[in-house]
Amino acid sequence: MLPRNPPGLDGSKGTLVVAARCSKLTHFLLYMGEQKNLLLKSAMFYGLLLGGFWVIKYIFFILGTMYPVANYAYSVLTPLTLIFAYIFTKVYKILIGGKMSFAHAWQFGILLYFFAALIVCLVHYIFYAYIASPEYMEEMATQATNMVKSMNLSEEMQNSIIEQMPDLTPIKMTVQGIMNNVFYGIIFSIPVAALVFRKDLSGLIQQHQNQQQQ
């Protein structure tokens, strides 16, 4: 026969214990929801800023197809992406209290690149659809074919891959650009996350907030 009240939960005392545990669980779930919401909002906002930088950078790439000197500006601006990604991740860490795990920082970096890729893809499509010459698209197809031929594969396999390669349309090139940028985000966010998550800034932030309240 089962006991009327399980041990530790008898009467009103047991009800209070259950209520306290449910309250803690509710606060935890609300906190996790708020953190996830802040993660997405912050990644979208800073992804918009990074995407705007990529748009400016890509304009130099477009100009480089007509004026080769513009390629130097594009090459100089490209490494700045890592610097901006580090700054935005560091600012986000401060926003959430100064403490974050490596996985959290890495996740933010991937989302940052994803939203930035969505911004710059509009410029990519305009370039491929209305600015790039047919010769440029043919050159891109030739480069893709040559890359396959340079692989250490049998001739039969190389021919099979080349035959299965889709035609390079503007929309396909744009989607490929999004996928490439997300892939870069997965890779390049690893060292950024490793640098950002290491130091716990929560104590300094709390001390600063206390000083402001005094």
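The values are calculated or read from the model by the stated rules, or taken from the named source; none is laboratory data. Quick caveat, the model's predicted, so the values are computed rather than measured. Here the Cβ is made from the backbone with ideal geometry for all residues, glycine too, and neighbour counts use every protein chain on show.
General observations
- Identity of the residue in region 154-213, outside any helix (DSSP H, G or I) and at pLDDT below 70, that ends up nearest to residue 101 (Cα to Cα): 201
The rows are residues; the columns are (1) of a type in the set (A, V, I, L, M, F, W, C); (2) in a helix (DSSP H, G or I); (3) crowded, with 16+ Cβ neighbours inside 10 Å.
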position: 76; (1), (2), (3): yes, yes, no
position: 89; (1), (2), (3): no, yes, yes
position: 100; (1), (2), (3): yes, no, yes
position: 103; (1), (2), (3): yes, yes, no
position: 109; (1), (2), (3): no, yes, yes
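- Residue list for region 110-144, filter: more than 30 Å from the chain's Cα centre (by Cα) and of a type in the set (S, T, N, Q): 133, 142
- Figure legend. Inter-residue proximity from region 63-85: first residues touching a residue at least 12 places away in the same chain (Cβ under 8 Å), second residues assigned to a helix (DSSP H, G or I) and surrounded by fewer than 16 Cβ atoms within 10 Å (Cβ to Cβ), beta-carbon distance below 7 Å, spacing 6+ or different chains. Indicated pairs: 65/136.
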